[in-house]
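Working notes for the structure below.
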Amino acid sequence: MILPLTTIPTPSLHEPSRVLTKKEILSPEIQQLIQDMIPTMHKEQGIGLAAPQVGVNVKLCVIGKDAIPEDFVPHMTSENLILINPTYQRTGRKAVLETEGCLSVPGKQGKVKRYKQIHVEALNEHAEPISFEATGYLAHVAQHETDHLNGTLYIDKAETTWEIE
Ligand code: CO
């Protein structure tokens with residue numbers, strides 16, 4: 001099922017989402033939410049989607065396979081990367097200024113400073129712990145989506161934003 005998107009100025013987008021227990025992750029409700037978020041992300045042509053963007057404030061996000069480098073694919077348990085209760089830490093000194101948009105902020109783009117390399121810890125859709133190093137585009141998307149789960153939108157961090165048609 002395609003889910004309706006939550007967009008600004010909905011206050012819940014700026015509220016931290018809650019951590020999911022392993023039991024909740026395996027529940028039919030959360031498994032269905034994952035199954036619905038993937039086609040919703042694809043239909044909206046997003047590269048990632050976080051649960052608060054479909055009005056559910058739980059720590060769950062999906063990252064599309066287009067952001068997954070080939071050497072990362074052996075670690076995948078499904079076609080898209082499902083991250084539950086994700087956290088990240090920078091593992092390199094470099095930061096990069098990236099152009100971003102967000103399905104919850106229609107009609108805008110902006111420049112955001114992101115860590116170039118991060119370490120991510122999360123649970124997957126089977127409630128199993130996963131951790132990995134990410135660089136480049138995957139690192140960038142993982143920071144954007146994890147920030148959503150902490151109630152932060154890219155426009156809160158952006159150095160500049162502008163309107164697009
Ligand atoms: Co977003």
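The values are calculated or read from the model by the stated rules, or taken from the named source; none is laboratory data. These numbers come from a predicted model, not from an experiment. Counting neighbours? That spans all protein chains shown, and the Cβs are built from the backbone with ideal geometry, glycine included. Calculation scope for accessible area: heavy atoms of the full protein, side chains included, ligands and nucleic acids excluded. Shrake-Rupley method; radii C 1.70, N 1.55, O 1.52, S 1.80 Å.
Brief remarks on what is shown
- Ranking Met1, Pro16, Ile47 by Cα position along the charge dipole of the chain, where only Lys, Arg, Asp and Glu carry charges on their C-beta atoms, puts Pro16 farthest toward the positive end.
- For Lys22, the accessible area of its heavy atoms, probed at 1.4 Å with every protein chain present, is near 110 square angstrom.
- In plain terms, the C-alpha convex hull of region 11-163 casts an average shadow of 8.4 nm² when viewed from every direction.
- Solvent-accessible area of Ile47, all protein chains in place: 50 Å² (probe radius 1.4 Å, heavy atoms, ligands and nucleic acids excluded).
- Distance between region 107-165 and region 9-52 - C-alpha centres, whole angstrom: 15 Å
- Where the alpha-carbon atoms of region 48-108 are placed on the principal axes, they occupy 32, 29, 21 Å, in descending order.
- Listed residue pairs exceeding 21 Å between alpha carbons, taken from Lys94/Lys157; Lys59/Lys94; Lys65/Lys113; Lys65/Lys116; Lys22/Lys59: Lys59/Lys94; Lys65/Lys113
- Leu103 sits with roughly 40 Å² accessible to a 1.4 Å probe, with DNA, RNA and ligands left out of the calculation.
- As a fraction of the 1.4 Å probe accessible area of the chain, surface on carbon and sulfur atoms comes out at 52 percent.
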